[in-house]
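Novice: I have a structure I would like to understand better, so I am pasting it below and will then ask my questions one at a time.
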Amino acid sequence: MKQLIRNIKIALVVLLVLTIGLGTGLVYQQYQSQTELLAVAGENKASLRTRYAQAGSIVAKDGVVLAQSEDGQRQYAEDIYVQLGTSQLVGDYTHHMSNTIETQYQGEILGNKRGITEQLLLDLAGRGLQGDDVHLTIQGDLSSLAYQELEPYDAGALVLMNYKTGEILASVSTPATEMSNIIRYEDIPDTALFNRALNSAYQPASTFKVFTSAAWLTSPNFQPDFTLECSGEPLYPGGARDKGHGLMDLNEAFAASCNVYFGELANKMGEEHFSEFLNNLGLDKIDSLDRLDVRPARYDISAGKNDAGLLSWAGAGQPVGNLIAEETPLHLALVASAVAGHGDYPEPYVVEKIVNPLQRETRVHKADKASMKRMFAPELAIRLEQLMIHGVESSESVQYNAAIPGVKVAGKSGTLERENVESYQKTGLWMGFLAEPNYPFAVAVVVENVETSSETAVVAGRNMLQYAMDYGIQ
Ligand SMILES: [Zn+2]
């Protein structure tokens, strides 16, 4: 009898402890989820800090902690270059930036998006108030190096990805600023909160010649041996011109980035075929990266329909007049990926898995089962790859700066010259990839307000491909 009473007492105590434990977690997390929106609407700093006191971490693929809550404080990457190189992507718990991991994964990070069973299990283990960790495909080391590549320039962006799996290894935008400035909302350089890698509208300039080539190669009017004597003068009133390249075929025109040649290709194939080709690329439908918004690409060259001069500029990739061509560095990296993948590119992603406080993993993507999309027919992509490899191998090309000894590098550069502004107003672009099965890396770089040609972006891109090889696949 005594034994029984003791057992009953123990059972009651256990029940009581459980009830209190369960209650706290459930009630607290429910409260959190009900008031989640307040955080976005400008909750005061003290209450935000409390909310994030036990929030989960944001972790890079190489184990570098990008955000964590320690001693009740939200902290960001310890290394300043990693912090600067991931600031617009990771985001701030104060939500001064909205298109970020901190904001879009807030429910997981605070732990208030769980099912009731999972929450009860966590409460039982005494971890009910902790948030989940978000593991990214981003590498801390590569983000730091990418930031340093862009640092010399006023502004720019860089996307480095694995073209077999779709993992984004680095996505960097400059200017950037320390997280402490963002949280205080003070001393923020102009546009430092804007994520150029995902949300800018860059004009592709001569990187567009990959599309002009592809459209020409699939045109009913295609002539394999078409050559042209480039004097530099436009072939149509107000049309595409350049410094003059002499006798050009497709290989040499691509390497030299001859505007006159590519302008003539646009006219030979015609606006209708060229437009149809651009519309079928599918890049206008890429408007997200996991839960992050991406500005979709836009191509509209219909203004060149009855204007041969304008159409020739479309072929050269300089969207003058009412021609429209704009895309983000992410789109540019996907074009490089599609050529590298012999026409197919993987769905890009940045969140690999969510891990709860009991180490239960929810995989967001499976790297071994990338879902592939087709941009080019396989034989067309192989021809484009040849052109891009030849471009880098040609000592006549600024892209020669992208060569890495012993490795096949493919690429296309571009320089955008803005009209009616000072000479010191060019944008340099480069997309490239390693045509090496063991190093499936593609990169896109844009640097703004540069003085000379695209050598700047070319060199930054080459360096990133080299770093990606050095650091390997994690
Ligand atoms: Zn030319």
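Novice: How big is segment 167-325 in terms of Cα radius of gyration and Dmax, in angstroms?
Specialist: Radius of gyration, then largest Cα-Cα span, for segment 167-325: 19.1, 62 Å.
Novice: Another one. Please list the three semi-axes, largest first and in whole Å, of the ellipsoid equivalent to segment 98-228, using sqrt of 5 times the eigenvalues of its alpha carbon gyration tensor.
Specialist: 42, 23, 13
Novice: Output the direction-averaged projected area (hull surface divided by four) of the convex hull of the alpha-carbon atoms of segment 139-209, in nm².
Specialist: Approximately 6.1 nm², given one-decimal rounding.
Novice: Which value results when the Cα radius of gyration for the chain is divided by 2.2 N^0.38 Å?
Specialist: 1.14
Novice: Using only the Cα atoms, work out Rg/Rh for segment 217-287, with Rh taken as the Kirkwood radius, to two decimals.
Specialist: 1.03
Novice: If you build the Cα gyration tensor of segment 44-95 and take the root of 5 times each eigenvalue, what three semi-axes come out, in whole angstrom, biggest first?
Specialist: On the way: eigenvalues 78, 28, 14 Å².
Semi-axes, largest first: 20, 12, 9 Å.
Novice: Using per-residue counts of other Cβ atoms within 10 Å, averaged over each peptide, order 443-450, 382-389, 169-176, 370-377 from highest down.
Specialist: Numbers: 443-450: 27.1, 382-389: 19.4, 169-176: 28.6, 370-377: 17.5.
Those peptides, ordered most packed to least, come out 169-176, 443-450, 382-389, 370-377.
Novice: Suppose each label sits 7 Å from its Cα in the direction of the beta carbon; what would the ILE404-TYR185 distance come out to in nanometres?
Specialist: Taking the simple label geometry, ILE404 and TYR185 are separated by 4.3 nm.
Novice: Principal axes first, then extents: for the Cα atoms of segment 35-182, list largest minus smallest coordinate on each axis, whole Å, largest first.
Specialist: Ordered largest first, segment 35-182 gives principal extents of 50, 37, 24 Å.
Novice: If you place +1 on the Cβ of every Lys and Arg, -1 on the Cβ of every Asp and Glu, and leave all else neutral, what size is the dipole of the chain about its Cα centre, to the nearest 20 Debye?
Specialist: 2180
Novice: Using a simple spin-label model with points 7 Å from Cα along the Cα→Cβ vector, what separation in nm is obtained for GLU118 and TYR236?
Specialist: Output for this residue pair reads 5.6 nm.
Novice: Need one number: nm distance between label points at ARG374 and ARG360, each 7 Å from Cα along Cα→Cβ, rounded to one decimal.
Specialist: Placing both labels 7 Å along Cα→Cβ, they lie 4.1 nm apart.
Novice: Okay, moving on. Which peptide among 351-364, 138-151, 87-100 comes first, and what is the full order, when sorted by highest mean count of other Cβ atoms within 10 Å?
Specialist: Most protected by this proxy first, the peptides run 138-151, 87-100, 351-364.
Novice: Over segment 281-424, what number does the Rg to Rh ratio reach, with both radii from the alpha-carbon atoms and Rh per Kirkwood?
Specialist: Checking Rg against Rh, the ratio lands at 1.05.
Novice: Using packing as a proxy for protection, rank 302-315, 55-68, 236-249 so that the peptide with the highest average count of other Cβ atoms within 10 Å comes first. Spell out each step's value before the answer.
Specialist: Numbers: 302-315: 22.0, 55-68: 20.5, 236-249: 16.2.
Sorting 302-315, 55-68, 236-249 by mean packing, highest first, produces 302-315, 55-68, 236-249.
Novice: Dipole of the chain (Lys/Arg Cβ +1, Asp/Glu Cβ -1, origin at the Cα centre): which of GLY63, SER302, GLY232 lies farthest to the positive side?
Specialist: It is GLY63, whose Cα lies furthest towards the positive end.
Novice: Net charge within 13 Å of ALA214 by Cβ-Cβ distance, Lys/Arg positive one each and Asp/Glu negative one each, not counting ALA214 itself?
Specialist: Result for the local shell: +1.
Novice: Using every pair of alpha-carbon atoms in segment 160-201, split the distances into 5 Å bins beginning at 0 and state the percent of pairs per bin, rounded to integers.
Specialist: 6, 21, 21, 18, 15, 10, 6, 2, 0
Novice: Another question, then. At 0.36 nm per residue, and after removing the present C-alpha to C-alpha distance, how many nm does the segment from GLU229 to GLU451 gain when stretched out fully? If you can, show how the numbers build up before the last one.
Specialist: Details: separation 222, 0.36 × 222 = 79.92 nm, distance 2.91 nm.
Roughly 77.0 nm would be gained on extension.
Any read-out appearing in this document is the output of simple, stated calculations on the displayed coordinates, not a laboratory observation. Since the model is a prediction, treat every value here as computed from it, not as a measurement. Glycine gets a Cβ as well: all are built from the backbone with ideal geometry, and neighbour counts include every protein chain shown.
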